[in-house]
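These notes are about the structure you will find just below.
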Amino acid sequence: MEWIQQLVNGISLGSIYALIALGYTMVYGIIKLINFAHGDVFMIGSFIGFYAIAKWELGFFPALLLAMTVCAIFGVLIERIAYKRLRNATRIAALITAIGVSLLIEYTTIFFRGAQPAAYPEVIKSKSFDVFGVQISSTSILILSVAIVLMILLQFIVHKTKIGKAMRAVSHDADAARLMGINVDNTISATFAIGSALAGAAGVIFGVYYTKIDPLMGVIPGVKAFIAAVLGGIGIIPGAVVGGMLLGVVESLVSALGFSLWRDAAAFVILILILIFRPSGIFGKNAREKV
């Protein structure tokens, strides 16, 4: 039962990683950019949810929607101000810019509110349900439910809507998509908006689950979500979901074995192994490039 309990905890944690990883994988799939500022958008979403609940006395779902909306706008601003001019620049220039944007967001937040952590208010009365001897909290059920609904909504947007069709076309061949009349700039901005909204939702869920937030909280979850995206196959949406879930479960099992101090290291061990034995990830395929 202890193992099943840890599996449930791992799935809850993995759903948070999956939501963040989706933003990484969507942006990479379209413009081949690793947006390292994405973890800090997650942090901003968490603080928006915190202020919405603690100061403005909103409920969980209004705070979640507000955080998603603000983060979507913030993501578009980051793309338009920092990344748009670097579309044709070298990969390393875009990567360094992403790290710079990440540091700018973190230390601007610290400048305005200080570096001290904040305690997330209890917005949901947590109850425990006994299911065949396994204690499952109502918070875990809510987190998993919200994550699944958002993932299904993302799949619907990508496969059933006009903007989703445009995103897939730009991902396949941006120049051909532009010739077919697709507004590539708006499509890229929409991708950043959707990915950032999911990160904002993950931020609120994280705050409710762990109850403590701070301006540097986006660094480790952001890196772990990137590992989850690589594990599943970066640029592949189902891969990000599976990678996030697997990473969450592995971390929980490492803690269950008594190596809780090594849980962060486990993620990096997975990254090293996946890069050595299957660089394209679980769902990825090796593609030949003509030189």
### Task
Please determine, by comparing only the residues of segment 70-86 that are of a type in the set (Gly, Ala, Ser) and within 28 Å of residue 209 (Cα to Cα), which one is surrounded by the most Cβ atoms within 10 Å (Cβ to Cβ).
75
### Task
Determine if segment 244-253 includes at least one residue that is among the charged types (D, E, K, R), open to solvent by less than 30 Å² (accessible area, probe 1.4 Å) and within 16 Å of the chain's Cα centre (by Cα).
no
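Given the criterion under 23 Å from residue 193 (Cβ atoms), aliphatic (A, V, I, L, M), over 20 Å from the mean Cα position of the chain (by Cα) and open to solvent by 40 Å² or more (accessible area, probe 1.4 Å), identify the matching residue among 54, 119, 89.
89
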### Query
Taking segment 94-103 as the search range and keeping residues that are of a type outside the set (S, T, N, Q) and in contact (Cβ under 8 Å) with a residue 24 or more places away in the chain, which one is farthest from residue 219 (Cα to Cα)?
94
### Message
Just to verify a result, which residue in segment 1-25, among those that are crowded, with 24+ Cβ neighbours inside 10 Å and either free of Cβ contacts under 8 Å to residues at least 60 places away in the same chain or hydrophobic (A, V, I, L, M, F, W, C) (or both), is nearest to residue 109 (Cα to Cα)?
### Response
20
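Here is a yes/no grid of residues against (1) without any contact (Cβ under 8 Å) to a residue 40 or more places away in the chain; (2) of a type outside the set (Gly, Ala, Ser); (3) closer than 25 Å to residue 268 by Cα:
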residue: 169; (1), (2), (3): yes, no, no
residue: 178; (1), (2), (3): yes, yes, no
residue: 189; (1), (2), (3): no, no, no
residue: 212; (1), (2), (3): no, yes, yes
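Results for (1) under 13 Å from the mean Cα position of the chain (by Cα); (2) β-branched (Val, Ile, Thr), shown as yes or no for each residue.
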| site | (1), (2) |
| --- | --- |
| 149 | no, yes |
| 156 | no, no |
| 176 | no, no |
| 183 | no, no |
| 230 | yes, yes |
### Task
Could you tell me whether any residue of segment 136-158 is of a type in the set (S, T, N, Q), in contact with a strand residue (DSSP E or B) (Cβ under 9 Å, 6 or more places away or on another chain) and part of a helix (DSSP H, G or I)?
yes
### Message
If I ask for residues that are basic (Lys, Arg) and either outside any loop (DSSP other than H, G, I, E, B) or under 13 Å from residue 213 (Cα atoms) (or both), which ones from segment 87-123 would you list?
### Response
91, 113
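Here is a yes/no grid of residues against (1) open to solvent by 10 Å² or more (accessible area, probe 1.4 Å); (2) within 30 Å of residue 124 (Cβ to Cβ):
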| site | (1), (2) |
| --- | --- |
| 157 | yes, yes |
| 164 | no, no |
| 171 | yes, no |
| 175 | yes, no |
| 181 | yes, no |
| 195 | no, yes |
| 209 | yes, yes |
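The values are calculated or read from the model by the stated rules, or taken from the named source; none is laboratory data. Keep in mind that what you see is a predicted model, and the values were worked out from it rather than measured. Backbone-built Cβ (ideal geometry, glycine too); neighbour counts: all protein chains shown. Just so you know, the surface numbers come from the protein's heavy atoms only, side chains and all, with ligands and any DNA or RNA stripped out. Shrake-Rupley method; radii C 1.70, N 1.55, O 1.52, S 1.80 Å.
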